[in-house]
Amino acid sequence: MMSNIALSSSVDMDARNLGIPIDMMPDQLRVIPSPEPMLFKYIKEVIGHLMSKDTLRRDVAREALGTELHHLLYPKLFEDIQM
């Protein structure tokens with residue numbers, strides 16, 4: 001689950017510890033960016049699908065937000081729903 005990985009404090013986001021020689025790694029991969037902006041964008045997009053006319057799309061969005069979303073992301077979910 002993507003949200004578990006992004007919220008885990010034990011995940012090392014420094015690519016230098018992956019065992020790849022530093023001189024062979026592109027500059028943008030030397031420090032991996034935080035996944036939080038992608039998670040927040042994902043939450044907003046799935047919330048948008050809750051308003052869809054397609055019932056299957058609404059059901060899948062509801063499942064993704066209701067059971068698949070990590071509990072630490074609930075405050076962000078509620079914040080985005082209120083907007």
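For the range 48-54, in order, what is each residue's ³J(HN,Hα) by Karplus, 6.51 cos²θ - 1.76 cosθ + 1.60 with θ = phi - 60°, in whole Hz (x at glycine and Pro)?
x, 6, 5, 9, 5, 6, 6
What length, rounded to one decimal in nm, is gained on full extension from E36 through to Y74, with 0.36 nm per residue of separation minus their alpha-carbon distance?
Values: separation 38, 0.36 × 38 = 13.68 nm, distance 1.36 nm.
My answer for the length gained is 12.3 nm.
What spacing in nm lies between the two simple spin-label points modelled at M51 and M24, each 7 Å away from Cα in the Cβ direction?
Those two pseudo-labels are separated by 4.9 nm.
Every read-out reported here was derived from the displayed coordinates using simple, explicitly stated rules and does not represent laboratory data. All of these numbers come straight from a predicted model, not from anything done at the bench. Note that we place each Cβ from the backbone using ideal geometry, even for glycine, and neighbour counts take in every protein chain shown.
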